[in-house]
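What follows is one structure encoded as structure tokens, with my remarks underneath.
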Amino acid sequence: MKVTTRGSFPISYESLRVKQKVRGGVHHQGPNEIGVLGVSGIVKMIKAVMMMNTQGKPRLAKFYDFLVRCLPVEKQQELIRGVFSVLSSRPENVSNFLEIDSLFGPDSRLVYKHYATLYFVLVFDGSENELAMLDLIQVLVETLDKCFSNVCELDIVFNYSKMHTVLDEIVFGGQVLETRSDEIMKAVEEISKLEAASNSISLVPKSVSGWRGGR
Amino acid sequence: MEQLKTIGRELAMGSQGGFGQSKEFLDLVKSIGEARSKAEEDRIVLSEIDILKRKLLEPDIPKRKMKEYIIRLVYIEMLGHDASFGYIHAVKMTHDDNLLLKRTGYLAVTLFLNEDHDLIILIVNTIQKDLRSDNYLVVCAALNAICRLINEETIPAVLPQVVDLLNHHKEAVRKKAIMALHRFHRKSPSSVSHLISNFRKRLCDNDPGVMGATLCPLFDLITEDVASYKDLVSSFVSILKQVTERRLPKSYDYHQMPAPFIQIKLLKIMALLGSGDKSASEIMYMVLGDLFRKCDSSTNIGNAILYECIRSISCIIPSPKLLEAAADAISKFLKSDSHNLKYMGIDGLGRLIKISPDIAEQHQLAVIDCLEDPDDTLKRKTFELLYKMTKSSNVEVIVDRMIDYMISINDNHYKTEIASRCVELAEQFAPSNQWFIQIMNKVFEHAGDLVNIKVAHNLMRLIAEGFGEDDDDADSKLRLSAVESYLQIMSEPKLPSLFLQVISWVLGEYGTADGKYSASYISGKLCDVADAYSSDETVKGYAVSALMKIYAFEIASGRKVDVLPECQSLIEELLASHSTDLQQRAYELQALLALDARAVESILPLDASCEDIEVDKDLSFLNGYIQQAIESGAQPYISERERSGMLETTDYHSQDHHEVPSHALRFEAYERPKPSSLRTQASTELVPVPEPSYYSEAHQPISTSSVSERESSEIKLRLDGVKQKWGRPSYQSSTSASSTPPQAANGTSSHPDVGVGSSSLKPRSSYESKKPEIDPEKQRLAASLFGGSSSSRSDRKSSSGGHKPAKGTASKPPKENPIPVQPPPDLLDFGEPTATSVTATDPFKELEGLMDSSSQDGGSTDVMGVLYSDAAPVTTTTSVDSLLSELSDSSKGNPGTYQSQTSKGPNSQEALEKDALVRQMGVNPTSQNPTLFKDLLG
């Protein structure tokens, strides 16, 4: 376990593998009673992947449901807050499943897993298998752990695009695409390598072109 | 020291893993993290937005900087703030050749935009180019973007390239191309309908990952059309078999389980294919049985597969052996300590129970445990199971449990759901009426504002109609128990509005029915309700109607009614209410109190709430009488409109009446202006040949609505009608509605024409005067009326002949004659009965006069028929409606319907009397008609 510095810096360095209950300091409204989505189409898919810390700050949010994606950002934020307020009111040692029709439309389920200071949340509909979705979170976390060697909340905040790269390898257009974390890792590494390469190659010419004022 | 460490780590993070995030970004994240309140966070973000807006305007931003700005924009949006000002920069970044920048651009764009955003069109070209890239990572990035950005219109732009990519040498690309096609299929099935065979082909891909991806679109396709994929059953089964036999590379194992996500997907597809198909199901038995045996129930993923097997078995036609295996798996789930597994067990039980209902019994205790569990999710799932297994033998326990739970939760969404389930179960399985009422009371009491209003109406109907058996005794017991329970509950504070409505209605209808409670007791209670919930107009309306019923029953049974002082004050308060509906009800109640027993009884008969009110729009029961009258020399009826030429007003009014009961708003096109146009036009055209009969002619086109020939003039003419309509709405409506009587009295003086009319022909004056609004017209009309009656005949005949095909119904005019009789009750407002007689006779006489001079014209009489059926029944309906239909809730009691009466408040008593008469006539036409006519015609 790494240094915990919650007092001075809001983001914890705790390793996510060490589960620890930290709560409080939440400044959020009560549960969102009226679902933001009145009706949702019957699409069999994962509707959303979210990560938020135990204070309710979103760390990553990706929506796949078209109806949610069409919502203005404020409404999406409301959804995240709604999810958090439900999660934060869950006692310990209960199931990881929730029915969340009130937020995401009929037949919406939610699976969450609490790692250290982070909640990992998957929202999906009745076509998916809750236990399998729980394992999908596991796949994601395992992969991130390999990626960042002992992942913590800060990694997720500062490696936003890498997070998305990983997630895009796993969930593609709302469907589970790949669940082999080694395979995902390979893809992500290749991308990173190439990005780094293109970056270093372009470093000189880019700066030159930059000076020339072109863009 | 601590802080230093933090900063050190921060910087380290920033430089190594952080893709070169700047100090500013770190500061932003940090300060937001430290924000103590949402307001503070918002403030920070807003100032960040300002900074970014400014920076993005700067010229020549280095790309590296731009990339960081965009990441900051994404971050801002994730926090729920609009970053749309920077979208265009993200779009531009996708055009960059640098992979890192391009990917950043794509990432931002996929997060910012949805398929319907305007900027998408700027990206399509880039996507096309990237799909052709040699670098498969670029292709993947483009495919990823396609999934989130391509809409129905842009699909064709990328479709050919995506199809080409199905044969790409990299399996990662093939996989994503399949998914992109799947996406297209969901967005617009028609766009890829010719490519569906590709999915089948890819099922045989060498790479198991691609095969697994293909299962996603196939699952969709099979859901849509099971029949055309039956041939794949054995393929799927053999794939599943191979997977379970570990034929896949070791890399596909997850927690020692071979390709579990593929297995689950295959099981889902098999459930679809085997549903209701015995032979397909049989092919699956083997592999399913193997799965039960092989699955490792110690891991989460193993249980996921087991659960999926249970789900499949509940869908296909299972073998007893499989059912047994499934039941075993379920009991293992239920016995587990894990809440997740218990949840799955309960869910599985709910699925299997449909096939073998007795399976739940062996798990009774486990189910009860789940019901007591602190885990809300599990509890709800268990209630769902209970809901599924409710029978008449266990309904009481289950519903009691549900209601207890319903009371305990605050989540309105779920409360509503569970309340409606309680109601449904209670309606379906109620062992006794008393129990049913009790349950409904509880539901209403605790979730009254959440349940559907239909539930309340159902309950009222149920109480009124009983439970179907023709056992009056049981019904009255039911009602009594309802009344008793309501009287008890009423004293509780803060009941939901809907519940109060039910209570008021039932008390009004049945409160005094058994004689157990006195009228004054019940009415006192009702007054209390109206008093305590004085802000709720609906409840008040129900309460007043209930009072009216109570008093009506008292009066009808011959008892003397003492209106309680609080009741009196309530009525007085409502008489001045701003709500027309309440006012109306109050006036009605006041009027009713002054009526005699017989009239009251016919207005509000005892326990008649579920009797259908039949409205005989043709008033056919009067035919005999009319025939008789005509034979004895009476003149046929000329409709009021015909007489006065005030087509538009009458028409308007009648429409008004028509509309009100059914809808508040009228959506059809205006047909009303036609009459006025015709009239005016006619008047201009016909002035030279003025004729009383002209009116009837003018009607004809109206009623038949065959105005085509006159269309040209319509536009300018319409205006006339409108003007008139708005000129003096209240007066007009009342006059038209109230038939002619008042006119004779007050109309004469105001109208110059009247003088002419009356001088030449007395009867006419009365209806002439009726159209005070149409002064100029009226003059013309009067002129045409009195100018040359004989000459117009031919004219009218020709025109009417043109419009009127229906000549055959010669008997119709007499039939319609009673019409004048009908309207009066509703319209009495101003007039005494004697006045009515004047007008009523007028038209007859006039028509007679006309007919004398010319042969009776079939067309014209028929017109009257049409007209009448249009207008007159309306009035009857409404009057009957307004007074008798207590069932309709107050909101339905249209202000419009009542309005005419409201305005004539003082005279509504007469209206009521008349109404009663009308009703009686309906019952017993021959005996009653003469009196009615005597009354009306003086």
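The values are calculated or read from the model by the stated rules, or taken from the named source; none is laboratory data. Keep in mind it's a predicted model, so treat the numbers as computed, not measured. All Cβ positions, glycine included, derive from the backbone under ideal geometry; neighbour counts span all protein chains shown.
Things worth noting here:
- B:Pro160 satisfies every condition listed in (1) surrounded by fewer than 23 Cβ atoms within 10 Å (Cβ to Cβ); (2) farther than 30 Å from B:His194 by Cβ except (2).
- Counted as qualifying within the range B:406-485 are the helices (runs of 4 or more DSSP H) with 3 or more residues that are aromatic (Phe, Trp, Tyr), out of contact with any strand residue (DSSP E or B) (no Cβ under 8 Å at 6 or more places or on another chain) and within 21 Å of B:Val506 (Cβ to Cβ), namely B:433-447.
- Checked against (1) within 14 Å of another protein chain (Cβ to nearest Cβ); (2) under 30 Å from the mean Cα position of the chain (by Cα), B:Ile407 passes all but condition (1).
- From A:Asp168, A:Asp155, residue being buried (at least 18 other Cβ atoms within 10 Å of the Cβ), modelled with pLDDT under 90 and facing chain B (nearest Cβ under 7 Å): A:Asp155
- Search result, residues across the range A:76-85 that are within 9 Å of chain B (Cβ to nearest Cβ) and under 26 Å from B:Ala145 (Cα atoms): A:Gln76, A:Gln77, A:Glu78, A:Ile80
- Count of the range B:572-592 residues, restricted to those that are closer than 18 Å to B:Gly524 by Cα and surrounded by fewer than 19 Cβ atoms within 10 Å (Cβ to Cβ), is 2.
- Among the residues of the range B:131-155, those identified as more than 9 Å from chain A (Cβ to nearest Cβ) and not in a helix (DSSP H, G or I) are B:Arg132, B:Ser133, B:Asp134, B:Ile150, B:Asn151, B:Glu152, B:Glu153, B:Thr154.
- If you go through the range A:104-129 and keep only what is within 9 Å of chain B (Cβ to nearest Cβ) and out of contact with any Asp or Glu (no Cβ under 8 Å at 6 or more places or on another chain), you end up with A:Ser127, A:Glu128.
- Some residue of the range A:86-97 being on the phi < 0 side of the Ramachandran plot, at the interface with chain B (Cβ under 9 Å from one of its Cβ atoms) and assigned to a strand (DSSP E or B): yes
- The range A:55-101, residues that are of a type in the set (Lys, Arg) and within 17 Å of the chain's Cα centre (by Cα): A:Lys57, A:Arg59, A:Lys62, A:Arg69, A:Arg81
- Of all residues in the range B:19-51 being within 18 Å of B:Ile71 (Cβ to Cβ) and of a type in the set (Gly, Ala, Ser), the one that is surrounded by the fewest Cβ atoms within 10 Å (Cβ to Cβ): B:Ser47
- Matching residues, the range B:408-433, being more than 30 Å from A:Ser89 (Cα to Cα) and surrounded by 17 or more Cβ atoms within 10 Å (Cβ to Cβ): B:Leu425, B:Ala426, B:Phe429, B:Ala430, B:Asn433
- Residue that is farther than 23 Å from B:Leu73 by Cβ, modelled with pLDDT of 90 or more and within 14 Å of another protein chain (Cβ to nearest Cβ), where the choices are B:Lys187, B:Lys176: B:Lys176
- Exclusive hit being touching a Phe, Trp or Tyr at 6+ places or on another chain (Cβ under 6 Å) and farther than 16 Å from A:His164 by Cα, set B:Ile150, B:Ile155: B:Ile155
- Put simply, of B:Ser238, B:Ser191, B:Ser197 the only residue that is of a type in the set (S, T, N, Q) and in contact (Cβ under 8 Å) with a residue 12 or more places away in the chain is B:Ser191.
- Selected residue (criterion: farthest from A:Leu87 (Cα to Cα)) from residues of the range B:331-378 that are within 13 Å of another protein chain (Cβ to nearest Cβ) and part of a loop (DSSP other than H, G, I, E, B): B:Ser336
- Failed item, numbered, when A:Ile100 is tested on (1) under 23 Å from A:Val151 (Cα atoms); (2) without any contact (Cβ under 8 Å) to a residue 40 or more places away in the chain; (3) more than 9 Å from chain B (Cβ to nearest Cβ): (1)
- When B:Thr126, B:Thr154, B:Thr110 are screened for being at negative phi, crowded, with 20+ Cβ neighbours inside 10 Å and either out of contact with any Ser or Thr (no Cβ under 8 Å at 6 or more places or on another chain) or of a type in the set (A, V, I, L, M, F, W, C) (or both), only B:Thr110 passes.
- Set A:Ser149, A:Ser89, A:Ser85, A:Ser127: member being in contact with a Lys or Arg (Cβ under 7 Å, 6 or more places away or on another chain) and surrounded by fewer than 22 Cβ atoms within 10 Å (Cβ to Cβ): A:Ser127
Residue-wise test of (1) within 46 Å of the chain's Cα centre (by Cα); (2) on the phi > 0 side of the Ramachandran plot; (3) of a type in the set (S, T, N, Q).
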site: B:Leu218; (1), (2), (3): yes, no, no
site: B:Leu221; (1), (2), (3): yes, no, no
site: B:Asp225; (1), (2), (3): yes, no, no
site: B:Tyr229; (1), (2), (3): yes, no, no
site: B:Gln263; (1), (2), (3): yes, no, yes
site: B:Gly274; (1), (2), (3): yes, no, no
site: B:Arg293; (1), (2), (3): no, no, no
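- For B:Asp96, the stated conditions hold: it is acidic (Asp, Glu), free of Cβ contacts under 8 Å to residues at least 40 places away in the same chain, surrounded by 17 or more Cβ atoms within 10 Å (Cβ to Cβ) and not in a helix (DSSP H, G or I).
- Filter pass, B:Ser251 being surrounded by fewer than 15 Cβ atoms within 10 Å (Cβ to Cβ) and within 24 Å of B:Val139 (Cβ to Cβ): yes
- Members of the range B:129-146 found to be among the acidic types (Asp, Glu) and either surrounded by fewer than 20 Cβ atoms within 10 Å (Cβ to Cβ) or in contact with a Pro (Cβ under 6 Å, 6 or more places away or on another chain) (or both), listed by number: B:Asp134
- Extreme residue, modelled with the lowest pLDDT, among residues of the range A:117-132 that are within 16 Å of B:Asp347 (Cα to Cα) and not in a loop (DSSP other than H, G, I, E, B): A:Asp125
- Taking the range B:195-292 as the region of interest, the helices (runs of 4 or more DSSP H) fully inside it that hold 3 or more residues being closer than 13 Å to B:Ile316 by Cβ and hydrophobic (A, V, I, L, M, F, W, C) are B:233-244, B:260-274.
- Sole residue being within 13 Å of chain A (Cβ to nearest Cβ) and either in contact (Cβ under 8 Å) with a residue 40 or more places away in the chain or hydrophobic (A, V, I, L, M, F, W, C) (or both), chosen from B:Leu181, B:Leu166, B:Leu159: B:Leu181
- The condition of being within 8 Å of chain A (Cβ to nearest Cβ), within 30 Å of B:Leu218 (Cβ to Cβ) and at pLDDT below 90 does not hold for B:Asn98.
- Residues in the range B:33-53 that are among the polar types (S, T, N, Q) and closer than 14 Å to A:Lys57 by Cα: 1 in all.
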